[in-house]
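Written out below as structure tokens is the structure these notes cover.
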Amino acid sequence: MSLTGLPVLLRLAGRPVILLGEGEPAQAKRRLLERAGALICGEDGEAQIAIVAIEDEAEALAAIAGLKARGILVNATDRPDQCDFTLPAIVDRDPVLIAIATGGASAGLAAALRQRFETLLPAGLDALASGLKEARAALRTRWPDSGERRRAIGAALAPGGALDPLIEHGPDAVAEWMAASDAASPTRLIRITLTSVDPDDLTLRTARLLGQADRVFHRADVPAAILDRARADAARIPCTAPPSDPESGLSIYLEMKR
């Protein structure tokens, strides 16, 4: 499995964006751009990105070609093959934004998934995010080592943790967690035997551990698709046996069932 694009969060506040088209599709994009603070302009505007929501096929393709000839990145409504970028469905718990994209395969699927996430995320998630942001300096003081700090925060945000993001918290949750938390970071090595090469067959526990691990030791026959489920900054270390002395934090040893 490989990415067809790289998800990014583009700040549009005060930046010009070309919007072409009439009717509800164009109006929906206008509302989205206005919400992001973009400066909406016409086809001749000095912008780096554009959204084409023109219904007529020939007119839309001509506009797209003209914009791309100027080096402008284009999103073309209902024309995924013409898109340089796509606009995901968004779950907004400002400052938390969850974007759901299907690579243009189905806007309806993205919308349905967004609705599911809306019901899962507590209304107070924004307060939790703001609390963590305000505590950044205090977190660095409490855990000067970045690895220690990341592990402490990861444990707190894990399912059932003190700051589990899927549970409603009070306004002082972050401060209360810091006051009660233990600064010690134990060294752990967890050995996992995989029974399938399909990442979709991972147990919830294994998937969660991969998302938290500082490093992943693995035998050569562990598929890359499984290793991709680990954090991007977690070290991947090929080996033939579990290490006798792993570094501090959480290490995982992966092997296939024989």
Hydrodynamic radius by Kirkwood, which averages 1/r over all alpha carbon pairs of region 146-218, in angstrom
14.2 Å
Give me the lysines in straight-line cross-link reach of Lys68: C-alpha distance below 28 Å, same-chain residues under 8 apart excluded.
Lys29
Nearest 10 degrees is fine. How inclined is helix 146-157 to the longest principal axis of the chain, computing both from alpha carbons?
80 degrees
Throw me the Rg/Rh for the chain, computed over C-alpha atoms with Kirkwood Rh, two decimals.
1.05
Over region 35-130, what per residue volume does the convex hull of the Cα atoms give, in whole Å³?
116 Å³
Using R₀ = 35 Å, calculate the FRET efficiency as 1/(1 + (r/R₀)^6) where r is the Cβ-Cβ separation of Ser146 and Ile40; round to 0.05.
0.30
Please give the contour-minus-distance gain from Ala155 to Asp81: 0.36 nm per residue of separation, less the Cα-Cα distance, rounded to one decimal in nm.
22.4 nm
Rg to Rh quotient for region 15-66, alpha carbon positions, Kirkwood Rh:
0.96
Rg/Rh (Cα only; Kirkwood hydrodynamic radius) as it applies to region 196-238:
0.92
With each pseudo-label sitting 7 Å past Cα toward Cβ, what's the Ser196-Asp126 distance in nm, one decimal?
3.9 nm
Using only the alpha carbons of region 169-258, determine the length spanned along each of the three principal axes and report them from longest to shortest in whole angstroms.
48, 30, 20
Can you divide the C-alpha Rg of region 96-233 by 2.2 N^0.38 Å and report the result to two decimal places?
1.23
If you bin the C-alpha pair distances of region 47-86 every 10 Å from 0, what whole percents do you get?
35, 60, 5
Which semi-axis lengths, in whole Å and largest first, follow from the square roots of five times the eigenvalues of the Cα gyration tensor of region 62-108?
25, 13, 7
Region 34-123 - charge dipole about Cα centre, Lys and Arg +1 at Cβ, Asp and Glu -1, debye rounded to 20
480 debye
Mean accessible area per residue over the chain (1.4 angstrom probe, all protein chains present, square angstrom) is 60 Å²
With the label point 7 Å along the Cα-to-beta-carbon line of Leu61 and a cut-off under 13 Å to each amide N, the hits in region 78-104 are 81-82
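The values are calculated or read from the model by the stated rules, or taken from the named source; none is laboratory data. Keep in mind the model is a prediction, meaning the values are calculated, not measured. All Cβ positions, even for glycine, are placed from backbone atoms using ideal geometry, and neighbour counts span all protein chains on display. Protein only, heavy atoms only, side chains kept; ligands, DNA and RNA dropped before computing areas. Shrake-Rupley method; radii C 1.70, N 1.55, O 1.52, S 1.80 Å.
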